[in-house]
């Protein structure tokens, strides 16, 4: 004996785990936005430094911050076709070097002529910097030391070089945040697509015709059964197909039968239809767990090349869906 099929929209079988990577992606995006607010500029100035004569800024109070680091950016103002090697030093209140970095900066330019055409070019590499993470709050001093200053021919130049110096605190290296953002977003998209393939495949049968029949043991009060019907058609594909899906119980008695109208995605070449694809997805709760038969019939059937039915038990969804409950006693 069969109860009347009951269809209702429910979120009972929603899988929350695919949404967790989206939460992480949101946190990464929020971190990118907030990183700009915790950053503040302490020094923005220029300084002229003679070769072999170190110069330094006034002491800066380095504070231990919960987020970010102290960043020192130095830009050498070189004319064209000159090279300079300079050192950035960070000293503590006792004058001892606690961090340093070397930079070989250069600026070159020239002209070119080839096959009756000519032009000019210019390239440089002038920027250097240090990131410092403080273990404690203390005053520090930033010094610049020009170790070597020549032209492109190797001739020494003895004149001061202008350096632009910017010091910021609370700086976050957003390269890792961007990598994390795109990585978690990619993972989040993959998890969304993976939901459609959750559960165990209990039927995967196809037929080079407009109908297919299969039977399996499935169902249960807490089991969501996903039934997918895929139809491949030829160049005479209509714009829609009618798919009749029938479910029979263990005794072969009809428990459910409904005609679903589905659109056909037709592939065209120069405006001419070459093939068509269409699909239908329905959800069931079948009680009790026993043997069920599934019968698919597609009309009009003239253009149908292949019909496939896939049944998954213990399926999950991303959002509320219409679920038909079939009960037999």
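Key figures for this structure:
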| item | result |
| --- | --- |
| Segment 160-200, residues that are loosely packed, with under 13 Cβ neighbours inside 10 Å, more than 30 Å from residue 45 (Cβ to Cβ) and in contact with a strand residue (DSSP E or B) (Cβ under 7 Å, 6 or more places away or on another chain) | 200 |
| Residue in segment 170-180 that is at positive phi and assigned to a strand (DSSP E or B) present | yes |
| Segment 124-153 - residue that is within 18 Å of residue 76 (Cβ to Cβ) and in a loop (DSSP other than H, G, I, E, B) and, of those, modelled with the highest pLDDT | 126 |
| Considering residues of segment 42-60 that are assigned to a strand (DSSP E or B) and closer than 22 Å to residue 134 by Cα only, the residue farthest from the chain's Cα centre (by Cα) | 56 |
| Residue within segment 218-236 that is in contact with a helix residue (DSSP H, G or I) (Cβ under 6 Å, 6 or more places away or on another chain) and not assigned by TED's automatic domain parsing to the domain that holds residue 131 present | no |
| Odd one out for residue 220, checked against (1) touching a strand residue (DSSP E or B) at 6+ places or on another chain (Cβ under 6 Å); (2) within 24 Å of residue 10 (Cα to Cα); (3) touching a residue at least 24 places away in the same chain (Cβ under 8 Å) | (1) |
| The lone exception for residue 13 - which of (1) over 29 Å from residue 185 (Cα atoms); (2) surrounded by 12 or more Cβ atoms within 10 Å (Cβ to Cβ); (3) at pLDDT 85 or above it fails | (1) |
| Breaking point among (1) in contact (Cβ under 8 Å) with a residue 40 or more places away in the chain; (2) loosely packed, with under 13 Cβ neighbours inside 10 Å; (3) farther than 19 Å from residue 202 by Cβ, for residue 272 | (1) |
| Of all residues making up segment 247-265, the number that are surrounded by fewer than 17 Cβ atoms within 10 Å (Cβ to Cβ) and in a strand (DSSP E or B) | 9 |
| Residues of segment 303-323 satisfying the condition of being crowded, with 18+ Cβ neighbours inside 10 Å and in a strand (DSSP E or B) | 304, 307, 309, 310, 311, 312, 313, 317, 321, 323 |
| Number of the exception - residue 186 against (1) closer than 28 Å to residue 127 by Cα; (2) without any contact (Cβ under 8 Å) to a residue 40 or more places away in the chain; (3) part of a helix (DSSP H, G or I) | (1) |
| Long-range neighbours under 9 Å by Cβ, at least six apart or interchain, first residue free of Cβ contacts under 8 Å to residues at least 12 places away in the same chain within segment 36-58, second part of a helix (DSSP H, G or I) | 36/174 |
| Qualifying residue in segment 76-94 (condition: touching a helix residue (DSSP H, G or I) at 6+ places or on another chain (Cβ under 6 Å) and in a loop (DSSP other than H, G, I, E, B)) | no |
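The values are calculated or read from the model by the stated rules, or taken from the named source; none is laboratory data. Not measured: the values here are computed from a predicted model. Note: ideal-geometry Cβ built from the backbone for every residue, glycine included; neighbour counts use all protein chains shown.
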